[in-house]
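Student: Mind looking over this structure? Questions follow.
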Amino acid sequence: MEGTVGVVFLSLLCLASEINGQEAILHISNGDTEREFCIVHNHSWTPLAQSLDSATEYQLVNMTSSLLCDSSEILPSSVKGKALVVMRGNCDFSQKALIAQRFGATTLLIASNETLITPSANESEYAKVNISLALMRHRDFLEAWKVFGTQMQVKLYAPPYTKIDPSIAVILLISIGTVILGGYWSGECERERLNSGATGGGRGGGESKADSGELSLYSPLKVVIFVALMCGMLVLMYFFYKVLVYIIIAIFCLASASALYSCFDAVMDKIGCGTLSFSVRNWNFSVRSLLLAAVCISIAVVWGVYRNEDRWIWILQDLLGIAFCLNFMKTISLSNFKICVILLSLLLVYDVFFVFITPFFTKNGVSIMVQVALGPDASGEKTQGNMVAIPAEPQPPSEKLPVVMRVPRLLAWAQNLCMMQFSILGYGDIIVPGLLVAYCSRFDVWIKSKRKVYFISCCIAYFLGMILTFIVMLLSGMGQPALLYLVPFTVITSAVVAGCRGEMKQFWAGTTYQVLDSSREPLLPGVLPSKPQTAPLHLSCH
């Protein structure tokens, strides 16, 4: 019964999310060759067929030498029962359409050298126009004319698309997989640290985190300063984007290459891949390290050079982004649940404020978070209500910050033909809850939980939070600050698990000393509670 209800609900959601966009497809053929181009129409004014098979084919007449603002510019015998293309300008879309319709044309295409906008007219004109009307890029028509010449047969169709695109599932898989792997990696590093401490005699048996470059946030003041710096950086990016964006790109290339190396090196260690070393003038080199470094640097350089190639570069950006998030979760450790609560709560307020509140203060009404994430001059489709605006000419590449996972919308063929569309998720929506997941994983190691109850519970909470985020996004039709849902889900779930197991005191304090106060066996053999440590013991994991 529950399965049936779930299927019905999902079906209703899919039907409710199926919408008719304003972008459509112009299919041109001559019997041997076929090409498709982007067009923009007004679905509520002149609806088009929803598939290529159901669309009617017409011969296209080239009248781009005319603006079609005067009936004297057209010969009835040349356009009757045909589609025609004219240039944009001098008169309204409806006036051109009425003239074409009066002489028997079935379809009117308006070639434009300006931005393609959704065709509109006065209310009184809507009912008068009965032929299909759409705008196309003039450069697209010139390209088609070179290929087909006068033998152009055209079909216009506008396939409906659904908001529930498979790209959402890919984004969900990336986020969940990254959080799980990052949390597991952090836990394994903690296990290695404890084992090294047990066999090597405490701190002397291993390398400190400070020495290995790892960082622990254990002070509320440090957390507040950290969040304040994030706010300041975001505001600076908003006002000085065109300068700082290149600095951030350079930093990302270096950091992501290093993170990718760290991830690959850990995988090699896990599968037991040996290393071959050689010496040059008393310098020791590892063949495996050199090869991995070359591969990782090459990937980062390729991304840096081709970062604006939307059609395929998103694959490398997501790969580097995953490595960056994994390494961040392993490197930055939160020392206790109190710090987790403070950090995640402050970042929740930060996310909501810069997404929902800042549009009231910006000139264009766009949130600072969205403006910085997508870039102030980002080329692409801009929507406002049911209206669209698509550049008629190729736009110079607009630099974007590498701070999001990007996956092309797989079902939005008409939209992608006009301008590449993406589903996105910010790195912060993975890293911030991921730090709590990593803490839960380490705590499982501290209390020797074989079932990894904290880690698994927090991962499930993150998954449910992501599902809720996507549901709200689909129902509201607008992007959401994911931390608004992820933080309550993960924090409350972790607290409930700790409370139910009677371990809230240890979970809240989080240090090795506090865990030793529990009724469970000590973490480190031979360490007595009478000699407490005032700070957690942090060792590195390679």
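The values are calculated or read from the model by the stated rules, or taken from the named source; none is laboratory data. Keep in mind the model is a prediction, meaning the values are calculated, not measured. Please note: Cβ atoms are built from the backbone with ideal geometry, for glycine as well, and neighbour counts cover all protein chains shown.
Student: Given the condition at pLDDT 85 or above, closer than 30 Å to D32 by Cα, surrounded by 15 or more Cβ atoms within 10 Å (Cβ to Cβ) and touching a Phe, Trp or Tyr at 6+ places or on another chain (Cβ under 8 Å), answer yes or no: does some residue in segment 85-104 qualify?
Tutor: Yes: segment 85-104 contains one or more residues that are at pLDDT 85 or above, closer than 30 Å to D32 by Cα, surrounded by 15 or more Cβ atoms within 10 Å (Cβ to Cβ) and touching a Phe, Trp or Tyr at 6+ places or on another chain (Cβ under 8 Å).
Student: Quick one: T331 ticks every box in (1) in contact (Cβ under 8 Å) with a residue 60 or more places away in the chain; (2) touching a helix residue (DSSP H, G or I) at 6+ places or on another chain (Cβ under 8 Å); (3) among the hydroxyl-bearing types (S, T, Y) bar one, so which box is it?
Tutor: Condition (2) is where T331 drops out.
Student: From the list V295, V302, V355, which residue is in contact with a Leu (Cβ under 7 Å, 6 or more places away or on another chain), β-branched (V, I, T) and closer than 30 Å to L410 by Cβ?
Tutor: V302
Student: Which residues, taken from segment 459-485, are touching a residue at least 60 places away in the same chain (Cβ under 8 Å) and aromatic (F, W, Y)?
Tutor: Y462, F463, F470
Student: Evaluate the following for V355: is it in contact with a Ser or Thr (Cβ under 6 Å, 6 or more places away or on another chain), crowded, with 19+ Cβ neighbours inside 10 Å and either at pLDDT below 80 or not assigned by TED's automatic domain parsing to the domain that holds P481 (or both)?
Tutor: So V355 fails the test.
Student: Given the structure, is A293 in contact with a Cys (Cβ under 7 Å, 6 or more places away or on another chain), part of a helix (DSSP H, G or I), within 20 Å of I251 (Cα to Cα) and in contact (Cβ under 8 Å) with a residue 24 or more places away in the chain?
Tutor: No: the conditions fail for A293.
Student: Might you check whether a residue that is under 28 Å from T56 (Cβ atoms), at pLDDT below 85 and surrounded by fewer than 16 Cβ atoms within 10 Å (Cβ to Cβ) occurs anywhere in segment 152-161?
Tutor: Yes, the conditions are met somewhere in segment 152-161.
Student: Can I ask one more? Go through the residues of segment 451-467 one by one and say whether even a single one is outside the structural domain of L347 (by TED's automatic domain parsing) and either touching a strand residue (DSSP E or B) at 6+ places or on another chain (Cβ under 9 Å) or at pLDDT 75 or above (or both).
Tutor: no
Student: Further question: Which of the residues that make up segment 261-278 are touching a helix residue (DSSP H, G or I) at 6+ places or on another chain (Cβ under 6 Å) and within 13 Å of G182 (Cα to Cα)?
Tutor: S262, C263
Student: Also, I was wondering about something else. Got a sec? Which of S298, S335 is closer than 30 Å to F443 by Cα and modelled with pLDDT of 85 or more?
Tutor: None of the others qualify; the one that does is S335.
Student: Looking at G177, is it out of contact with any Cys (no Cβ under 8 Å at 6 or more places or on another chain) and not assigned by TED's automatic domain parsing to the domain that holds G81?
Tutor: Criteria met by G177.
Student: Check whether at least one residue in segment 268-284 is in contact with a Cys (Cβ under 8 Å, 6 or more places away or on another chain), part of a helix (DSSP H, G or I) and either crowded, with 16+ Cβ neighbours inside 10 Å or of a type outside the set (D, E, K, R) (or both), and report yes or no.
Tutor: No, that holds for no residue.
Student: Here is a follow-up. What are the residues in segment 57-75 that are modelled with pLDDT of 80 or more and surrounded by fewer than 14 Cβ atoms within 10 Å (Cβ to Cβ), if any?
Tutor: Scanning segment 57-75 gives E57, S65.
Student: Go through segment 434-454 and report how many residues are closer than 17 Å to S335 by Cβ and in contact (Cβ under 8 Å) with a residue 60 or more places away in the chain.
Tutor: Total meeting the criteria: 14.
Student: Still on this structure, I have one more. Is there a residue being under 21 Å from L374 (Cα atoms), without any contact (Cβ under 8 Å) to a residue 12 or more places away in the chain and among the aliphatic types (A, V, I, L, M) anywhere in segment 303-312?
Tutor: Yes, segment 303-312 contains at least one residue that is under 21 Å from L374 (Cα atoms), without any contact (Cβ under 8 Å) to a residue 12 or more places away in the chain and among the aliphatic types (A, V, I, L, M).
Student: Here is a follow-up. Hey, among K209, K222, which residue is basic (K, R), out of contact with any strand residue (DSSP E or B) (no Cβ under 8 Å at 6 or more places or on another chain) and either more than 27 Å from S449 (Cα to Cα) or at pLDDT below 90 (or both)?
Tutor: K222
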